Every structure is written in C-alpha cells, then in structure tokens.
Amino acid sequence: MTMRNDSYLPWKKWLGLSSAALAAFSLPAVAQDADDDDLEEVEGFTVVGSRISRADLETVSPVINLDRESLEETGFTTAGDAIRALPIVSGQNLTSIDAGTSFTPGVSSVNLRGLGNNNTLALINGRRVAPFATPGFNGFQNVVDLSTIPTAALESIQILKDGASAVYGSDAVAGVISVNLAKSYDGLTSEISLGNTIDSDSFEWKATVIGGAQSGKASLVYVVDFSERNPLLARDVDWMDETNSPSFANVTANATPDFATFYTLSGMPDSFVQEALPGVEESKDLTPEDFEEGVTNYNYQESTGFIPKTRNSGFYTRLSYQVNPNLEAYLESSFRRVETRINAASTPLFSWNENIDLNLVPENPYNPFGEEMFIGWRMIEYGVRENIVQSDTPRIVAGLTGDIGETGWTFDTGFLFTESTVTNENANTVFEDRLQEALQTGVDFDGEIVWANPFGKNDPRIVDYVRNNNPTQDSFELWSYDLSANGDLFDLETGVVSAAVGAEYRYEELTSIRTHDNRTGNIVGGSQSESVFGDRDITSVYAELSIPVYDLAEFQVAGRYEDYSDFGDTSKPKLGVKVTPMDGVLLRGSFGQSFRAPDLPLLFSSGSVSFTPNFYTDPLRPDDPEGQIKNVGGGNPDLQPEETDSYYLGAQFDMGEINDTLDGLVVEIDYWEFEQTDVFGRFTPAQIIQNAGDPFFDQFIVRADPTQSDIDAGLPGTLLFVETDWQNLDEQSTSGVDLAVAYSLRTENYGQWRFKVEGTYVDEFKFSTLDFDEDGNEITVTEFFEGTWTQPNWRANGTIAWDYGDWAASLFIDFIGEYEQGAAEDQEESGNVKAYWRFNPQVAYSGLWDTTITVGVRNVFDEAPPLDVFEVTNVNVGLHNAEPRFAYIRLSKDW
C-alpha cells in the first residue's frame, strides 16, 4: 500500500496532545503484574442498561459480559470478529472481507438480532461512538465501524440484549455495545503478534504498548498500537477462486481469455444470441441456453480482492486528577486511523444500461459487422477497480466526576467531540463521456485518431484517457455535553429507592461530498448520486428508578424524552423486574419502547439516479415502446422514527447455590421479542409503474407536459422518471430464545477448567411491506425469513478453557446452522446452505521472564464456508466468517 507522506499529520496532531500530557506528568512507573482489580471495579460501578451505580452485575436487563480474557480466548484479534461470533448476531453484517463493491469497503459492523446494522448503539466508556462517515448499504444508512475501537486499551465489552432507548436514546433498539477502556494502569506492558494464513499469504503483524503510572493525585494510562495485514485475493482461496453464480449479473461471457465481451446485433439484450467474432479464434458461440446454465468465459474472481490490505494504528490516553476528595477531573484522548485497500473486478460495461449512448458504432474500425451493436464488455485492460480508503477517528472527552457533598449521590459531567472522516480514492474508475468518445468518434492524440477496442488489445493511451481516480470525501461530526447523577432517593420499608437523572445536548453533522462525475452519473457501471449535507441537534432528559422489595425483587422504571431539530420529539418508557425467589434462582423480565431516528442521509440526501435493469411499458401509454425506467431516489425530510416494542423474559440458575454437588454450574434461558413499525422503506420502480393511474402512485411519477396530440388522444405526458424516496412503510418482527450453560471446575492436580456453551434459536423473523395484487388492490405481504437466507434458526458457540500454573489453553467453537438457500419464492427449491463449524484452539505459557507466549490457530481445520450459489462470491461472507486457516504467535511482556 502506498501512503502519502502527509498522511499522518492528524495522527501527529493528536499524538502531540498525548505527548504533552505525558511530559507534564512524568511519573515514575512501578512495574507489576497486571491483575483484574481495576476491571472488576469498572464493571461493578456501572453496568450497561442502567445508569444507577451498583456492585451487582446481574441487573434487571440481560447483559453479556466479555472481559479481556474471554475475548482473547476466541482467538480473534479484533472486537468486530469476536462480537460477530456471538449467537445473538444474525442477518447481514458489513465486514471488510470481500467488500470491493460495497458502499463501505473496510467497515466492520454488527447486526444484533438481524434487525439491521444501524439498530445497535455503541458506547465507549459510556459515551457515543461516531458512526462511519460513509453511509452504508444503499448509501442511506449510518453504521458504527468496530475497527475504530482501540482494542489494545480494551478491558471489557458489555452487550445489552434488550432495547434501551429509555436509558440511552436513539439507536439502542436491538441492544447496546458498551466498550470499557482502561482507566488506570501501573507499569508497562508490550505485546507483539505475528500470523499468517497457512496455504496462502496474508501475513499480519501487530505491536502494542500499554503503560501507566499513579503519583499523588494524578493517574495516567496510555496505549499505542499498530497493525498491518497483507491482502488476500479471491483466487488465492480454493473455495473462492471460481465464479459459480448462475445469475446473469455475475456472468460475463465470450471472447478470448483476455477480452471478455458479448454483443447482440438487434433487439434488446435479452436475446443474447451470439456469433463467432471474425478473426478471433478463441471466441465461442453462445446460445440463450448457455446463459441459462451460467456459462462464463471470464472468472472475475481472478482479480477480485477478498481480505483487504489493512493498516490500523492509533493511541488512547486517559489522564485523571483528584482535585479534592469529592472531585476528580479527567481527560480522555484517542485517535484511530484505519487504511484499507481492496480490489473489485474490472469495470463491467452494459452499453444499454448507462446514462449515455455507449453502443459500438459502425465507424469504429474494431466493429466486425459494420452496424451499431449493443455490447457487454468486462474492461480488463483498464485495471481492477480499487477502493483505497482512509478512515480517521479522533475522540476527546473532558469531564468532572465525584460526590455531591454528603448526600451519597455521585455525578458525572463531560464534553465529547468525536469525528469520522473517510476518503476513498476509487482508483481506475471508467468515465462514460470519455469512453463514449473512444468508442464512437475516437480520441485525437497529436493528430492520430485512436479508438477503443472491446474485442482486443487497446492502445495504452486510450486506457489512460478513459480511466482515472474518482475521490470521495465524507465526515460525520458528533459533539455532546452531558450531566448525570445517581444515588439513593429515599427509604421504604422494603428497601432504599435509588435513582438516576440526567440531561444531554448532542449535535450531529454529516458532510458527504461527491465529485461532478458522481453527481452527473458519468461513471460506467455506477449510479448517479449527489453530495449530502445535513445536521441536527438533540436535547434529551431521562430518569430511572430502582425500587427494591426487600431481598426478593427489584423494579426498574425508566423514561427518556428527546427533542430533535429535524423530526420533532419523542418519549420512550421502560419497565423491568428482577426477582430472586430463592437462593440461586433469578427471574427477570422487561418491556420497553425504543426508536431509531432517521439517519441523516435518509433525511437530507437530494437523491441518486439509476435505471431499472428490466424493461417496462407505461400502462397509461401502452403504445410506447418498452424501456428502462429512470429511478430518482432520495431522502425524505418528513420521515418519522422507526418504533420498536421489545419484550424480554428470562431465568438464571446458579445450581451450586441450589445443590452443593452442582457447584460451578450456571444455566440461563431467555425469551425475547422485538416488534418494529414505521420501518424505513421505499416502493420499487416496478410497483410504481405497474400501478400507474392510481392517484396514490401517480404522486411518484414525473411526466413531461402532454403534447397536443397527447391531449387529443386523452393520454398523459411521456413518463420521465419515478421517485422512490424513503417512506415509513414497513413492519418487522423477530422472536426467539437464548440459552447458556457455564461450568467451572477447580482441581488440585489438573488445574482449573471452564466450559461455556451459548446458543440462540430464532423462532420467527418476518417482514411485512405494502404491496398490490394484480387488480391494483392494496395488500400487505409478509415474508418469513427464519431458517432461510441470512436468518438460520440456530447459532451457537462454545469455549473450553484450562489453566494450571504457568500454562493455559482454550478452544473456541463457532457454529452456524443450516438454512434454506435464498429467500425469494422462486428459490425455495434450491436446497440448503449447510451448517458451518469453526474451531479456534490456542495454548499459552507465562513462566519465562515475565513474558506470556501464546500460539494459536483460527479455523484450525480450514473449514470452507458453505456454498451459497445466490451470493456473488459463492459464500455469504456477511454471515459466515470466511477467513482461511490462520496461525499466529503472540508475545506479551511486563516490564
């Protein structure tokens, strides 16, 4: 990866702030073994899902607690991979693997309960994370990039499995991911790790330093880390090196091994009848039947990226100062830079599906028939499309915390600034106007006219003329000011009522800048999109009560009011109860309402332009020829939030407190249900066109003024385009059961053993949308996805861990159940995607010079993800972790 010389200027600016703090507090470091005391204190002080301080980890809400040890036992080196291995994750996740043609190459997101990657709130030390600046999926959704989390400073991750907008506000729909970073540290620890895929080369190395000191009233912790990984192309992986998909969108046919081109001389391209090209011996005659069988002469996996080249670097510091016994000031500063470089196959041209005429004209000397023809051309000579992405995330928090006099209440107030900035060079973009010139008139190079040749070698001057970079820039700023307090409120006969109250002001601003070529749709194989500028401010207040009933039960009552400058205000409640009827038995349940505010692109995007791949006739002008429909889709400033009701009911059994012979065994079972309404969606161009004449749908159709002949014939004007702006259209719901069994055993001669199995069964996942029957009557269509597509019924993982003296070992097992291939009605008979198992073993030794040596293998059996022929890459990388067998060694030393 080639980096610009000035690429680390922001990094240096933020590192300078950290260095100044280090210089001001040059405290003597006392080396000692790291222990779990601080971790336990942090987790005991605040547990995600409640703002009330407590020592008890078991709150009213269901929480998964992942300490650093359990995260390392998974074998994964990133928080994103570890979280995506949890059974509560389903649906399509955004990952950096095979992200060459995605809207967000390089991003790492998580999809709790399958409700959407933007339905989960992420917090770092209790405050929000800025979403990835480039909108994901279809360019309208903001998602959090987990690769910006400074994992080197990570102490624990708490994951709330319940809706929590009453406590945290927008986005806390499917749950909350709360990342706890180190707040204190004594000593210095360095770590380096090396690893590589066994049968290929994606070498990765990582170096980390964490240090800290305490002296008098001051405490400092700092972390610096750097990692780099080489790329892996699809052709380097046995089970991805060929294109097997039967869909035409993934088929490029004919010609030589070097030039992938097909054409048709007459009619629209659904004929695809082909003749041999004159003078090209390797060309092949193709028939419509060949296309039905998925025949292809061009394997685009040869040049497609799989694992991107990645460089991840940054730092984190926290400085605290005890002003007096009741007041502490703190400053957190961090910066993260993630650089990724990933390939997509060379530009595909379908001349009939572009904004301007790109057919091959008779005048082109490379036209073998001397008449105008449609062409399909995989432009291999013009190079692979390359996403060269740089993501910068600075973050600073300044705050005060302490006791409120002698009241027993504590408070915390702070200022947060964080920002995500993303640039993408979009290398080797092919531009329509220049290609049109090269195909239809030739390009004048110092008096010599040179033409583009779809069927053979191209002059290098033409290649350089037609392609170039098309850089885009995005930023998302987040500012907030907050004040919170919690403590005991008053006494009842049943116990002490505790409360938490708070207020927050937040400002969000999105800037997404597109080039002139983006805005005019001047990109071959791309769509037309506008720059997006949007901002809003949010003011919120919240309160929470914890009401005890002796030692038997605890009730939680919470509510939050938020006022948005764009769509208005909203209020959300939550009720919960935790009951302990006997020793070792804990029962709990909750009901809450959550919401997701419209993402800024959904409100402020002025639109993107594309054309339907299929051809349609205007029902109100049946004599007009069929054609592709221009589709203008954008944001909608009138959108209202998505609303969600969540239900939870669970039980936990500490069997050792029930029966001594079962000491160490804990069993959990939880039922959960989410019901969403006003889900953001939009009508398809086909729905709109097929219902032309219906007053409801006519509002989405834009026509030219009728001519006099149209008026005489009683016809409306010619259809210009349809509008597919976002609406609050759909409904979505899911329900299921979480199961967990954990057992710990301490022996005198064989060490300590820990076993844990977690599983999630998705009982129902349904999506309902407005549609119309063949008579134009409004109907609601409900599709059920559990056990199909990206919603397998079962997900589970297991951990076996052992330690004895200086030795430790673990085995992490990840399981994804089988599911029906595809979700469309015509794909139901296509068979099942098989179940998928991955095994990650590792062993560690810590008895040498205060150094821990860990050796492990991810996917030790090199299990290939199951084939899913309806996926472009043959496997569902958004659901299945597709990394080949990867071996690593890690050395960690305390100084």
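Every residue in segment 687-700 that is within 15 Å of residue 632 (Cβ to Cβ) and either loosely packed, with under 15 Cβ neighbours inside 10 Å or modelled with pLDDT of 90 or more (or both), please. Residue satisfying the conditions is 699 alone. Against the test of being of a type outside the set (D, E, K, R) and within 30 Å of residue 87 (Cβ to Cβ), the options 641, 601, 625 yield a single qualifying residue, 641.
The requirement of being open to solvent by less than 20 Å² (accessible area, probe 1.4 Å), more than 35 Å from the chain's Cα centre (by Cα) and not β-branched (Val, Ile, Thr) is fulfilled nowhere in segment 672-685; no residue meets it.
One residue stands out in segment 362-396 among those that are among the aliphatic types (A, V, I, L, M) and modelled with pLDDT under 90: the one that is farthest from residue 130 (Cα to Cα), namely 373. Being in contact (Cβ under 8 Å) with a residue 60 or more places away in the chain and either open to solvent by 50 Å² or more (accessible area, probe 1.4 Å) or among the hydroxyl-bearing types (Ser, Thr, Tyr) (or both): is that true of residue 707 here? Against the criterion (in contact (Cβ under 8 Å) with a residue 60 or more places away in the chain and either open to solvent by 50 Å² or more (accessible area, probe 1.4 Å) or among the hydroxyl-bearing types (Ser, Thr, Tyr) (or both)), residue 707 does not qualify.
Across segment 717-748, which residue is farthest from residue 640 (Cα to Cα) among those that are in a strand (DSSP E or B) and of a type in the set (D, E, K, R)?
The initial filter retains those residues of segment 717-748 that are in a strand (DSSP E or B), namely 719-723, 727-746.
Within this subset, residues satisfying the condition of being of a type in the set (D, E, K, R) are 723, 730-731, 738, 746.
Numbers: 723: 19, 730: 12, 731: 14, 738: 32, 746: 55 Å.
Among them, the one singled out is 746.
Residues that are assigned to a loop (DSSP other than H, G, I, E, B), closer than 17 Å to residue 597 by Cβ and of a type outside the set (Ser, Thr, Tyr) within segment 546-569 comprise 566, 567, listed in sequence order.
The residue of segment 191-233 that is least open to solvent (accessible area, probe 1.4 Å), among those that are over 23 Å from residue 75 (Cα atoms) and not in a strand (DSSP E or B), is 216. Selection of segment 417-458 for residues being among the aromatic types (Phe, Trp, Tyr) and either open to solvent by less than 10 Å² (accessible area, probe 1.4 Å) or more than 28 Å from the chain's Cα centre (by Cα) (or both) yields 431, 445, 451, 455. Among the residues making up segment 732-758, those that are within 15 Å of residue 113 (Cα to Cα) and surrounded by fewer than 18 Cβ atoms within 10 Å (Cβ to Cβ) are 737, 739. Number of residues in segment 55-95 that are under 30 Å from residue 429 (Cα atoms) and modelled with pLDDT under 80 equals 0. Scanning segment 781-818 for residues that are assigned to a strand (DSSP E or B) and among the charged types (D, E, K, R), we see that the one that is most open to solvent (accessible area, probe 1.4 Å) is 783.
On the stretch given as segment 157-190, residues that are touching a helix residue (DSSP H, G or I) at 6+ places or on another chain (Cβ under 6 Å) and either more than 18 Å from residue 143 (Cα to Cα) or open to solvent by 10 Å² or more (accessible area, probe 1.4 Å) (or both) total 4. A search for C-beta distances below 7 Å between a residue of segment 468-480 that is more than 14 Å from residue 529 (Cα to Cα) and touching a residue at least 24 places away in the same chain (Cβ under 8 Å) and any residue that is assigned to a strand (DSSP E or B) and open to solvent by 70 Å² or more (accessible area, probe 1.4 Å), counting only pairs 6+ apart in sequence or on different chains, returns 480/505.
Filtered by the rule that a residue be within 26 Å of the chain's Cα centre (by Cα), under 19 Å from residue 155 (Cα atoms) and buried (at least 22 other Cβ atoms within 10 Å of the Cβ), segment 313-348 gives 314, 315, 316, 332, 334, 335, 336. Taken residue by residue, segment 882-891 has at least one member that is part of a loop (DSSP other than H, G, I, E, B) and either over 22 Å from the mean Cα position of the chain (by Cα) or surrounded by fewer than 18 Cβ atoms within 10 Å (Cβ to Cβ) (or both).
From the list 607, 627, 576, 634, the lone residue that is on the phi < 0 side of the Ramachandran plot and surrounded by fewer than 20 Cβ atoms within 10 Å (Cβ to Cβ) is 627.
Restricting attention to segment 642-671, the residues that are open to solvent by 50 Å² or more (accessible area, probe 1.4 Å) and assigned to a helix (DSSP H, G or I) add up to 5. The listed residues are 461, 519, 536, 506, and the only one of them that is among the basic types (Lys, Arg), open to solvent by 60 Å² or more (accessible area, probe 1.4 Å) and at pLDDT 95 or above turns out to be 461.
Just checking, does segment 163-170 include any residue being under 17 Å from the mean Cα position of the chain (by Cα), in a helix (DSSP H, G or I), modelled with pLDDT of 90 or more and farther than 27 Å from residue 768 by Cα? No: segment 163-170 contains no residue that is under 17 Å from the mean Cα position of the chain (by Cα), in a helix (DSSP H, G or I), modelled with pLDDT of 90 or more and farther than 27 Å from residue 768 by Cα. Residues in segment 481-508 that are farther than 30 Å from residue 552 by Cα, without any contact (Cβ under 8 Å) to a residue 60 or more places away in the chain and not hydrophobic (A, V, I, L, M, F, W, C): 505, 507.
Filtered by the rule that a residue be small (Gly, Ala, Ser) and modelled with pLDDT of 95 or more, segment 419-437 gives a lone residue, 420.
The values are calculated or read from the model by the stated rules, or taken from the named source; none is laboratory data. Small disclaimer: the values here were computed from a predicted structure and weren't measured. Counting neighbours? That spans all protein chains shown, and the Cβs are built from the backbone with ideal geometry, glycine included. Ligands, DNA and RNA are excluded from the accessible area calculation, which covers all protein heavy atoms including side chains. Shrake-Rupley method; radii C 1.70, N 1.55, O 1.52, S 1.80 Å.
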